[in-house]
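*Asks:* Structure incoming, see below.
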Amino acid sequence: MSSPVPLPAAVLVTGSSRGLGRGVALRLAGAGLSVAIHYARDRKAAEETAATCAAQAPTSQQSFPIVQGDLGQAGERQKLFDSTLEAFNGRLDALINNAGVAPRVRADLTEATEEIFDEVLAVNLKGPHFLSQLAARHWLGHPGGSRLEGGYKLIFVSSLSANTASVNRGEYCISKAGLSMVSRLWAARLAEAGIQVIELRPGIMATDMTVGVKEKYDALLAGGVVPQKRWGNPDDVGRAVEAILGGHFPFTTGDVFNIDGGFHLRRL
């Protein structure tokens, strides 16, 4: 009698209905993983991502369940996590904290409101921190249960805004700087359990979040603000996630991987 085919590793990618998250989901689907496609409001976009993932999945064992939830709300985070576990029969091998929002009104620091500050930090900072808490509790309760090489993985997708000031979107910068510390905190807490934690820090990326400032960044790129002189794209981030989940950095945790074409370099 032949042995049953093992199920592929299961990953939750938040904000995977579009943008960088979609790029991550597509890359992981092509690598043979199952991916929970998360959205907050746009189910149609999530369905499109799931369908594209399924079309390029190399095995019939993979699945791409769609899960919904507002990361800024505790009850919805719990529902999102529970729905993911249910879809994957109680298993979760990696969490990619990618979802994020820009301030709906860009305002100078002297004019920015607490209301928008709270909105941005709820999704970009509080959400991933406490969603990671749910994942960490689950993993610590199921040691050695990961199907990924090297064990469970926790990834935070931050931004060059974690250490680059933009005074007309201070809320976003503060949220990403805080997320960088969240990544280090979880790395320190989970290292002894063999759970790897990495921060990915994308640079100027071509997504729907940057459509409104394309001309501005086109000019900056032409001027050399990014040494590689091009926009980043969702697949750039997807490739990094694929490499980490593939176990290619076994003696690394708590690090920042810059995906910015050299933007972070100090140059004269």
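Throughout, read-outs are computed from the coordinates displayed, never taken from laboratory work. Values in this document were obtained by computation on a predicted structure and should not be read as measured data. Ideal geometry is used to build each Cβ from the backbone, glycine not excepted, and the neighbour counts take in all protein chains shown.
*Asks:* Quick test of your reading of the structure: Leu109 fulfils all but one of (1) more than 30 Å from Val211 (Cα to Cα); (2) in contact with a helix residue (DSSP H, G or I) (Cβ under 7 Å, 6 or more places away or on another chain). Name the failing condition by number.
*Replies:* (1)
*Asks:* For residues that are of a type in the set (A, V, I, L, M, F, W, C) and without any contact (Cβ under 8 Å) to a residue 24 or more places away in the chain, tally how many sit in the stretch 131-173.
*Replies:* 2
*Asks:* Would you tally the residues in the stretch 174-219 being of a type in the set (Asp, Glu), more than 21 Å from Ser17 (Cβ to Cβ) and either buried (at least 19 other Cβ atoms within 10 Å of the Cβ) or touching a residue at least 60 places away in the same chain (Cβ under 8 Å) (or both)? Can you show your working first?
*Replies:* Restricting attention to the stretch 174-219, the residues satisfying the condition of being of a type in the set (Asp, Glu) are 192, 199, 208, 215, 218.
Now restrict to residues that are more than 21 Å from Ser17 (Cβ to Cβ): 192, 199, 215, 218.
Now restrict to residues that are either buried (at least 19 other Cβ atoms within 10 Å of the Cβ) or touching a residue at least 60 places away in the same chain (Cβ under 8 Å) (or both): 199.
Going through the stretch 174-219 one residue at a time, the tally reaches 1.
*Asks:* Applying the selection to the stretch 47-68, what residues are over 17 Å from Ala10 (Cβ atoms) and either crowded, with 21+ Cβ neighbours inside 10 Å or aliphatic (A, V, I, L, M) (or both)?
*Replies:* The answer is Ala51, Ala55.
*Asks:* I'm checking my understanding of the structure. Among residues of the stretch 238-268 that are β-branched (Val, Ile, Thr), buried (at least 16 other Cβ atoms within 10 Å of the Cβ) and outside any helix (DSSP H, G or I), which one is farthest from the chain's Cα centre (by Cα)?
*Replies:* Result: Thr253.
*Asks:* Name the single residue that is surrounded by the fewest Cβ atoms within 10 Å (Cβ to Cβ) among those in the stretch 1-39 being more than 23 Å from Leu148 (Cα to Cα) and touching a residue at least 60 places away in the same chain (Cβ under 8 Å).
*Replies:* Applying the filter and picking the extreme gives Arg18.
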